[in-house]
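To keep things clear, I will list the structure first and then write my remarks on it.
The values are calculated or read from the model by the stated rules, or taken from the named source; none is laboratory data. Worth saying up front: this structure is predicted, and the values here are computed from it rather than measured. Glycine also receives a Cβ, built like all others from the backbone with ideal geometry; neighbour counts cover every protein chain displayed. For accessibility, only protein heavy atoms count, side chains too; no ligands or nucleic acids. Shrake-Rupley method; radii C 1.70, N 1.55, O 1.52, S 1.80 Å.
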Amino acid sequence: MSGHPDEGARRPSVFMPWLALGVGSGLLLLLNTEWAVLPGWWMGALFLFFSRRQRPSVGFLGLLVANTVAAGVANLGVFPGSAASAFGMALGGAVVVAGVYWADRLIVGPRGSFAGTLFLPAAMTGLEFFSSLGNPFGTWGVLAYTQARVPVLVQFVSVTGLWGLTFVLVWFATVANWAFEHREAGRRVLHGVAVYAAVLVAILGFGVLRLAGAGSVGEPVQVAGITVAGELATGREAGLSRLMKGEALGDEDWRAFAEASRGVNEELLRLSEREAANGAKLLLWSEGNAVVLAGELEALVARGSALARERGVWLGMSVASFTPSVERMLRNELILVGPDGAVAWRYVKSRPVPGWEAEHSVPGSAEPAVGQAPGVGILGGAICFDGDFPAVFSNASERGLELLLLPSSDWKGISPLHTRQAVFRAVEQGFSMVRQVNQGLSVAVDGYGRVYGELDHFTAEERVLRAELPVGRVPTLYARIGDAVGVLCGLAALGWVLQASVLGLVARRRSAATEPTTQTPAAP
């Protein structure tokens with residue numbers, strides 16, 4: 001469908017595109033790490049350089065194989081499970097990525113116009129958005145997350161959500177290739193490059209000015225996040241590990257699991273008492289750090305309520321309660337009790353992680369809990385994986401959410417990436433957030449993503465996060481328009497594909513109609 005032939009271009013050696021594919025695959029391995037910033041910019045440019053210099057079928061197969069292998073290897077360190085599942089997920093993603101580059105090769109192709117540089121960003125952005133709606137992993141893997149360590153760029157999500165940032169990253173890839181493909185045009189290329197540079201400078205300038213003009217978002221509140229780990233938690237961790245491996249526990253096993261968990265629960269209460277005595281007004285336990293059998297849940301809640309009443313604090317009790325006799329045995333819950341000792345609200349995790357947790361969890365709450373907490377602000381709650389779904393928090397934002405409690409439980413392969421991703425929710429909607437994490441990075445941030453407290457589970461001797469965190473709202477455009485940018489990108493790319501298909505069909509019919517007919521000579 002492309003009307004842009006390769007003739008006349010000074011083509012690089014045959015070896016160079018394949019080198020670009022290899023280097024791009026190597027950069028893909030870094031996307032789930034702390035070194036993802038530059039790969040987020042250059043990986044797409046290298047893949048596009050390869051794709052546009054191959055026949056469409058060769059480009060598709062090359063990207064499919066390279067992405068499957070690289071993403072599969074990266075998944076081995078991130079997702080628990082078998083190698084087959086890691087590479088299976090990688091293959092699914094690789095088919096989509098290769099398909100989008102294949103469409104770009106056919107529709108835009110080498111030597112395309114500057115306007116053509118917009119197709120791939122729109123297609124990739126729209127695809128990320130629409131796939132996230134039905135993806136059980138939510139926005140995990142969205143390209144925008146690679147820029148989590150660049151605060152001035154992260155501010156852009158307060159306007160467009162993740163989707164505007166993804167668009168800018170992919171647009172860099174297409175503009176870089178367009179400039180290379182038209183390098184013989186000399187200065188005329190600079191006009192297109194200047195357009196992209198102006199947009200990027202405007203985005204960076206917005207981020208700089210937003211952060212420079214950011215004052216305090218509200219009154220500071222002394223918060224403490226608490227996790228119990230180490231030797232005391234060994235029995236609890238062993239019991240959870242057996243369950244998640246699919247082992248069936250007998251009555252004696254369950255009794256031993258419950259007994260081992262009681263020691264952790266007692267330590268959580270003791271540390272909460274200590275932090276309250278030291279001035280904390282809000283306390284949060286990490287996801288499921290407290291474990292009980294279902295019959296003992298209310299007794300634990302009563303003890304937490306008594307502590308909150310005696311110390312005049314707000315206590316977020318994140319508790320995993322088990323009912324061994326049923327298939328959906330797990331209730332993963334965040335319970336907020338106030339200074340009066342009453343339960344303010346209860347929230348059940350709505351997005352359990354696919355696999356054992358999703359298969360054995362009771363149905364979750366319809367939306368995040370939100371309520372007024374005198375002395376703190378408008379306080380809301382969700383749990384861990386819920387933070388990978390931006391739409392979950394739109395209603396909570398409309399209800400005036402000022403501080404989100406997001407107790408979590410990660411593992412080394414996704415730390416600190418998972419926490420960095422969650423910070424995007426605070427910037428998108430403009431609320432403060434405390435994410436207390438078992439086996440991960442705990443943070444307290446405001447609505448600009450500024451960090452007021454941070455704790456690495458794997459290096460800290462005691463897993464208690466302390467921070468003076470301002471609580472309040474920061475107005476954002478994203479809170480008003482939601483995912484409009486993602487929707488528009490997807491519709492624009494779809495329209496582009498339909499237009500190219502129609503034009504290609506019309507061109508083929510015209511070509512067939514104008515072909516000279518060969519007449520067979522009459523027999524003598």
Please verify whether residue 221 is at pLDDT 95 or above, crowded, with 21+ Cβ neighbours inside 10 Å, in contact with an Asp or Glu (Cβ under 8 Å, 6 or more places away or on another chain) and on the phi < 0 side of the Ramachandran plot, treating the condition exactly as stated. yes
Number of the condition not met by residue 461 [criteria: (1) modelled with pLDDT under 95; (2) within 16 Å of the chain's Cα centre (by Cα); (3) of a type in the set (Asp, Glu)]: (2)
Does any residue of the stretch 359-366 turn out to be hydrophobic (A, V, I, L, M, F, W, C), open to solvent by less than 20 Å² (accessible area, probe 1.4 Å) and out of contact with any strand residue (DSSP E or B) (no Cβ under 6 Å at 6 or more places or on another chain)? no
Give me the residue from the stretch 368-393 that is surrounded by fewer than 17 Cβ atoms within 10 Å (Cβ to Cβ) and out of contact with any strand residue (DSSP E or B) (no Cβ under 9 Å at 6 or more places or on another chain) and, out of that set, nearest to residue 145 (Cα to Cα). 391
Can you pull out the residues in the stretch 404-444 that are among the hydroxyl-bearing types (Ser, Thr, Tyr) and out of contact with any Lys or Arg (no Cβ under 7 Å at 6 or more places or on another chain)? 409, 415, 432
Filtered residues of the stretch 401-432 (kept if open to solvent by 10 Å² or more (accessible area, probe 1.4 Å), assigned to a loop (DSSP other than H, G, I, E, B) and among the hydrophobic types (A, V, I, L, M, F, W, C)): 411
Based on what the data block shows, is residue 201 of a type in the set (Val, Ile, Thr), under 28 Å from residue 108 (Cα atoms) and surrounded by fewer than 18 Cβ atoms within 10 Å (Cβ to Cβ)? yes
Among the residues of the stretch 337-354 satisfying the criterion of being over 28 Å from residue 411 (Cβ atoms) and in a loop (DSSP other than H, G, I, E, B), which is most open to solvent (accessible area, probe 1.4 Å)? 340
So residue 141, is it out of contact with any Pro (no Cβ under 8 Å at 6 or more places or on another chain) and open to solvent by 10 Å² or more (accessible area, probe 1.4 Å): yes
For residue 18: the one exception among (1) over 15 Å from residue 144 (Cα atoms); (2) open to solvent by less than 40 Å² (accessible area, probe 1.4 Å): (2)
Residues to consider are 508, 480, 450; find the one that is free of Cβ contacts under 8 Å to residues at least 40 places away in the same chain, of a type in the set (Lys, Arg) and farther than 30 Å from residue 108 by Cβ. 480
Quick check on my filter: what residues within the stretch 144-156 are of a type in the set (Val, Ile, Thr) and either over 21 Å from residue 416 (Cα atoms) or surrounded by 24 or more Cβ atoms within 10 Å (Cβ to Cβ) (or both)? 146, 154
Show the residue pairs that are 6+ apart or on different chains and have beta-carbon atoms under 7 Å apart, the first residue being within the stretch 59-82 and more than 11 Å from residue 25 (Cβ to Cβ), the second being of a type in the set (S, T, N, Q) and modelled with pLDDT under 90. 78/32
Restricting attention to the stretch 209-256, report how many residues are without any contact (Cβ under 8 Å) to a residue 60 or more places away in the chain and small (Gly, Ala, Ser). 12
Taking into account only those residues within the stretch 209-218 that are open to solvent by 80 Å² or more (accessible area, probe 1.4 Å) and at pLDDT 95 or above, which is farthest from residue 458 (Cα to Cα)? 209
Of the candidates 105, 149, the one satisfying the condition of being closer than 22 Å to residue 192 by Cβ and among the charged types (D, E, K, R) is 105
